[in-house]
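The values are calculated or read from the model by the stated rules, or taken from the named source; none is laboratory data. Since this is a predicted model, take the numbers as computed values, not measurements. Every residue, glycine among them, receives a Cβ derived from its backbone with ideal geometry; neighbour counts consider all protein chains shown.
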Amino acid sequence: MYKPFDNFDLAYIKSIIDNDRVYEKGSISSDFSHDELATLIKYPDVLIKVKNAEEISAIMKYAYEKSIPVTVRGSGTGLVGGAVALEGGIMINTSLMNQILELDEKNFTVTVEPGVLLMDLAAYVEENDLFYPPDPGEKSATIGGNISTNAGGMRAIKYGVTRDYIRSLKVVLPNGDIETFGSNVVKNSSGYSLKDLIIGSEGTLAIIVEATLKLLPLPSESISLLVPFETMQQALDAVPEILRLKTNPTAVEYMSKETILNSEKFLGKKFPDNKHDAYLLLTFDGNDLNSIENDYSKVANLCLTLGAIDAYFIDTDERKKSVWSTRGAFLEAIKASTDKMDECDVVVPKDKIADYIKYTHQLSKQLGIRIPSFGHAGDGNLHIYVCKDGMDENLWQQKLQQAFDKLYKKAEKMNGLVSGEHGIGYAKKQYLKESLGENQIKIMKQIKNVFDPKNILNPGKICQ
Amino acid sequence: MNIIVCIKQVPGTSNVKVDPVTGVLIRDGVQSKMNPYDLYALETGLQLKEKSNGKVTVISMGPPAALAVLKEAIYMGADEGILISDRKFGGADVLATAYTISQAINTIDDVDLILTGKQTTDGDTGQVGPETAEFLNLPHFGYVTNVEIKNDKLQFISNLETKVMKANITLPCLLCIEGEINTPRLPSYKRKVKFGSCENQIKIMSFEDMKDQNENNYGLKGSATQVEKIFQPKKTTDRLVLQGTKEQMAKDLLNILRERKFI
């Protein structure tokens, strides 16, 4: 069905792209054969580091004409194999398209190329007293990747997710045409929102070449509270009660002692407190310190009545760094603690999160397998890791399958969904099918077919 | 063990602007915080207090607003605080500051150990600690990365860049604590609720409380130096791209890191 990529194709690519940005088989770094889901490995036939939309358009025109599969990749920090070239062919790497094109201070937007890193974007807008609220843990991800998975992050509970901050997207369609979906407007009732179809489509419908993002004024104050509890149960039971106070925290993160100790070991740095079994980390932001104090005092008092040991302030850059650097390293630390692992980022309604985490603990005991987790207790999105810990490969595969089956079934029973922010990619296809059912998968396939009738863009992903 | 920790209130951000005409730091609208290096000294003091069943008193010299950092230290676990504050102390350079602090410490009985941070993030001189010890005629050491109680002495480790020294020091003494050697504990909400404005924990010392009543030894009059000009250093961000084979690039990188003394 696809035309195998041959020397003629390579010669053509080299005729339109600077040769030092074209990597053929044998010279492609192994990094480009996988993403952070290290179990799925497949090399593309050619890797092209593109510099602009016109180059992408020219590549797509050729690939479309010849029926060559194309996979787009940013930093490769995905966790579900979404950026792996399953069918080989061409891989387009957007990391050189890393320019911030325009800061529009009248419309409160910034226009960027897709390869801009999240950390660079955040630093840039903050220098200008502006704020891009989505805050996924992986700061070295590209904004293109964030849009493609509709990444959420730690501030979702108050500010929403990536989708809520996309005003417009310039894309290259599979046939090479360049289109802009949406515009720099606040309201939009102008037909189907094609822009919203692209967000979260994991590079299967079109290639994002430019994005205009909505910004907010930078809140001048931000204070976090680290609240230790003697037991996991107490910490989790406190979450819905905290949310009922309507203090509108920016983040409510849950972390266990085990996860903190892992991260300390990994970073070689101590967390400010590690004596207790479970912790909640809450952030409050705004422009009025008194009102923030009022909010966090309400929450701290409530937590103390619900059995918290204390509530510690995180109010300076140094304190924020000491806490958030540990929080930011959780995933890498869990990875380093075991020989192999797989992850699940289910999302359940906010009021079900405590029950769900408790279930993962039960399941861990039942299956005799370590299942550490951490996550956004405030928005119902959890990151759960099933660890191999030196287990025999066959037994591990069997236990992993059992664990995932049960985890996704439990989420479904609670009206949860398969992925909160990591996407479906290749690894979670089966669970998406089971969760959404035939009708919805069929609609998704039809949408894919409208955008990409030759199925050349990132084939084998999401609904395929 | 009766421990004193010297702390200072500094601007809350490293991007403080300097008035180009007067050369004075523009502090309006800039939040303040405890000097980050002092947090490591305070944490060291609190750990020694726990091991020796002792007491930590924090001392700060500054305007009334500096009460905030003393309160913060009490929320972190310090027992008492002293704010040295008087218009007569204004305009003090490192010498007059160290003298004033030594006079205040002189009024406290049975001091075993004085801890300071390595330096402040606003003045950056790193001189007030050692000068205070000299005025008090106490043994002192800097760049301290570890302190252990050894009978009636302290055993400390000092990182002198080219060598690391482990030594014992008799009490009373003063140690300047290096940064990043521990993870300072966080201020406690429970202690904030318990101590509130810390009226019973913090006392204010003014010129009248000092043994030396000669005004010429304090503030601007007691200063040996005067700041002529403060200006912001030029900030530069360079990006260097290495090219070549993996081996060559690794060698080049190693050389650069060595040249710039990162390794």
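Things worth noting here:
- Within the option set A:Leu282, A:Leu304, A:Leu236, A:Leu261, being within 20 Å of A:Thr360 (Cβ to Cβ) and within 14 Å of chain B (Cβ to nearest Cβ) holds for one residue only, A:Leu261.
- When residues in the range A:60-81 are screened for being over 14 Å from A:Ile208 (Cα atoms) and not hydroxyl-bearing (Ser, Thr, Tyr), 11 of them pass.
- The requirement of being more than 30 Å from B:Ile26 (Cβ to Cβ), among the hydrophobic types (A, V, I, L, M, F, W, C) and at pLDDT 90 or above is not satisfied by B:Leu240.
- A:Met97 passes every criterion in (1) of a type outside the set (Lys, Arg); (2) under 17 Å from the mean Cα position of the chain (by Cα); (3) not in a helix (DSSP H, G or I) apart from (2).
- Top-ranked residue of the range B:202-228 - restricted to ones that are closer than 17 Å to B:Pro63 by Cα and assigned to a helix (DSSP H, G or I), ranked as farthest from the other protein chains (Cβ to nearest Cβ): B:Glu208
- Boolean, B:Pro36 is at pLDDT below 95 and under 16 Å from B:Gly179 (Cα atoms): yes
- Of all the listed residues (A:Asp196, A:Asp273, A:Asp237), the sole one being in contact (Cβ under 8 Å) with a residue 12 or more places away in the chain, in a loop (DSSP other than H, G, I, E, B) and among the acidic types (Asp, Glu) is A:Asp273.
- Looking across the range A:105-138, just one residue is at pLDDT below 95 and assigned to a strand (DSSP E or B), and that is A:Asp135.
- Taken over the range A:146-164, the criterion of being modelled with pLDDT of 95 or more and either within 15 Å of the chain's Cα centre (by Cα) or among the hydrophobic types (A, V, I, L, M, F, W, C) (or both) is satisfied by A:Asn146, A:Ile147, A:Ser148, A:Thr149, A:Asn150, A:Ala151, A:Gly160, A:Val161, A:Thr162, A:Arg163, A:Asp164.
- Scan the range B:122-137 for residues that are in contact with a strand residue (DSSP E or B) (Cβ under 6 Å, 6 or more places away or on another chain) and buried (at least 20 other Cβ atoms within 10 Å of the Cβ) and the total you get is 2.
- Selected residue (only one of A:Thr204, A:Thr231, A:Thr259, A:Thr250 is farther than 19 Å from A:Val112 by Cβ and in contact with a Pro (Cβ under 6 Å, 6 or more places away or on another chain)): A:Thr259
- Residues being among the charged types (D, E, K, R) and surrounded by 14 or more Cβ atoms within 10 Å (Cβ to Cβ) - total across the range A:4-23: 3
Conditions (1) among the aromatic types (Phe, Trp, Tyr); (2) exposed (fewer than 10 other Cβ atoms within 10 Å of the Cβ); (3) under 22 Å from the mean Cα position of the chain (by Cα); (4) closer than 30 Å to B:Ile149 by Cα, marked per residue:
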| position | (1), (2), (3), (4) |
| --- | --- |
| B:Ile181 | no, no, yes, yes |
| B:Ile202 | no, no, yes, yes |
| B:Lys221 | no, no, no, no |
| B:Pro233 | no, yes, no, no |
| B:Val241 | no, yes, no, no |
| B:Glu247 | no, yes, no, no |
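- Subset of the range A:5-28 (residues that are in contact (Cβ under 8 Å) with a residue 12 or more places away in the chain and closer than 22 Å to A:Lys42 by Cα): A:Phe5, A:Asp9, A:Leu10, A:Ile13, A:Arg21, A:Val22, A:Tyr23, A:Glu24, A:Lys25, A:Ile28
- Options A:Gly176, A:Gly191: the member that is more than 30 Å from B:Val30 (Cβ to Cβ), assigned to a loop (DSSP other than H, G, I, E, B) and in contact (Cβ under 8 Å) with a residue 12 or more places away in the chain: A:Gly176
- Listed here are the strands (runs of 3 or more DSSP E) enclosed by the range B:119-201 that have at least 1 residues being of a type in the set (Ser, Thr, Tyr), modelled with pLDDT of 95 or more and over 17 Å from B:Tyr40 (Cα atoms): B:164-170.
- Enumeration of residues in the range B:47-70 that are on the phi < 0 side of the Ramachandran plot and more than 16 Å from the chain's Cα centre (by Cα): B:Gln47, B:Leu48, B:Lys49, B:Glu50, B:Lys51, B:Ser52, B:Gly54, B:Lys55, B:Pro63, B:Pro64, B:Ala65
- When A:Tyr64 is tested against (1) outside any helix (DSSP H, G or I); (2) surrounded by fewer than 21 Cβ atoms within 10 Å (Cβ to Cβ), just one condition goes unmet, and that condition is (1).
- Unique residue being farther than 25 Å from A:Phe181 by Cα, out of contact with any Asp or Glu (no Cβ under 7 Å at 6 or more places or on another chain) and among the β-branched types (Val, Ile, Thr) when the list is A:Val116, A:Val72, A:Val80, A:Val50: A:Val80
- The sole residue among A:Lys454, A:Lys448 that is part of a loop (DSSP other than H, G, I, E, B) and either crowded, with 18+ Cβ neighbours inside 10 Å or in contact with a Ser or Thr (Cβ under 8 Å, 6 or more places away or on another chain) (or both) is A:Lys454.
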